[in-house]
Amino acid sequence: MSNRVLILHGWGGSDAPHWQSELASEIAKNYGTVSFPLLDNCHFPSKNRWLKQVKQLLEEFKPHTVVCHSLANTLWFWLCEEHIESVERLFMVAPPSLNTTEATIKTFFPCPTPKNICANEVHLIVSDNDPWIKLEEAESMAKSIGASYQVLENAGHINA
């Protein structure tokens, strides 16, 4: 059975040389099945539009693994509130603080931590110098959703 991987970018997208575009091309090169959609109006995202778009993707593509970067993690938390079907594996990379106050993405915040993370296995990966979240919040987020927790050194917001 092939592993279907859905890669969800954050605010502004993740085109090359972002690690998400590298990952998508590596999966495709090895005949894996990958979906790496450009979410609607990525520079001025709307939570409701993204929710609608990704819910449709989840229903049609039925991924086993979902890889979220940045704002996509917040989106995933909101999707969990909509009772989506669980995935096998969820990778949450560089989630922003759940109380982010950036005006352009204000429809996503504040965001509740879901009671059900809608994934059988969750991995949270952060950097010790990410300007969007403090390690204490990231660690408590990982605990509350039952995720493994990994800290990268000096990786900033884990982009390229």
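The values are calculated or read from the model by the stated rules, or taken from the named source; none is laboratory data. The model shown is predicted, which means the values in this text are computed figures rather than measured ones. A quick note on method: Cβ atoms are made from the backbone with ideal geometry, for glycine too, and the neighbour counts reach across all protein chains shown. We work out accessible area using only protein heavy atoms, side chains counted, and drop any ligands, DNA or RNA first. Shrake-Rupley method; radii C 1.70, N 1.55, O 1.52, S 1.80 Å.
Miscellaneous remarks
- Accessible surface of the range 1-102, 1.4 Å probe, proportion on carbon and sulfur as whole %: 52
- In sequence order, calculated HN-Hα J values of the range 17-28 (Karplus, 6.51, -1.76, 1.60; Hz; x Gly/Pro): x, 4, 4, 5, 5, 4, 4, 4, 6, 5, 4, 5
- Local net charge near Thr74, Cβ-Cβ under 13 Å (Lys/Arg +1, Asp/Glu -1): -1
- Residues with amide H under 5 Å from that of Val66, placed H, sequence gap 5 or more: Leu6, Arg89, Leu90, Phe91
- Accessible area (Å², per residue) of the chain, counting only protein heavy atoms and a probe of 1.4 Å: 51
- Set of lysines with alpha-carbon distance to Lys29 below 22 Å, sequence-local pairs under 8 removed: Lys62
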